[in-house]
Amino acid sequence: MDRRRALPLFASAIGVSVSSQAHAFADPERCPEHVGWVAKVMEKMETIKVGDTRKSLLRVFTTEGGLSTSLEHTYVSQDCPLFKIDVKFHAVGRPELDPDGRETSVESDDDIIAALSRPGRRMGLRLSQNMGGSCDEIIMANENRKSPMSLV
């Protein structure tokens, strides 16, 4: 099939998927269940504070791919990969910079959180990943209400 015909078919398939997810979110019987789940996930993420160790952070979050350094990294919630946090660390038991002034690439579970962003929802459209479950339904429905979905 030629690409000019495939793109509209692909976009309409995504629209149907988002529409059905938004409909599932609108079910008044399921809504309190979803809101309760999101509240628990947010509370769990907010337990991480400046001064905690990398090890304690990794009990709630996991690493995200992409560009990062040993002292600055974006992490995603273990419960829902749409919730993220940016973290800066102070190195423990080693210098933060090598003799040439470059940041070392070594990470330690004992590194201390020096700064972190507020946990929140950040979403990129990942067409190859089917996350499913209540997390996907809530976030996609919420995104759909705020603005039309666009393919970038």
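The values are calculated or read from the model by the stated rules, or taken from the named source; none is laboratory data. All figures in this text were calculated on a predicted structure; none of them were measured in a lab. Cβ sites come from the backbone with ideal geometry, for glycine too, and all protein chains shown count toward neighbours.
Give me a count of the residues in the range 50-63 that are in a loop (DSSP other than H, G, I, E, B), surrounded by 16 or more Cβ atoms within 10 Å (Cβ to Cβ) and within 15 Å of the chain's Cα centre (by Cα). Explain how you work it out, then say what you get.
Residues of the range 50-63 that are in a loop (DSSP other than H, G, I, E, B), as a first pass: 50-52, 58-60.
Subset that is surrounded by 16 or more Cβ atoms within 10 Å (Cβ to Cβ): 52, 60.
Pick out the ones that are also within 15 Å of the chain's Cα centre (by Cα) and you get 60.
Count: 1.
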Taking the range 107-121 and keeping only residues that are surrounded by 13 or more Cβ atoms within 10 Å (Cβ to Cβ) and of a type in the set (A, V, I, L, M), one is left with Ile112, Ile113, Ala114, Leu116
Of (1) modelled with pLDDT of 90 or more; (2) of a type in the set (Val, Ile, Thr); (3) more than 12 Å from the chain's Cα centre (by Cα), Thr104 fails just (1)
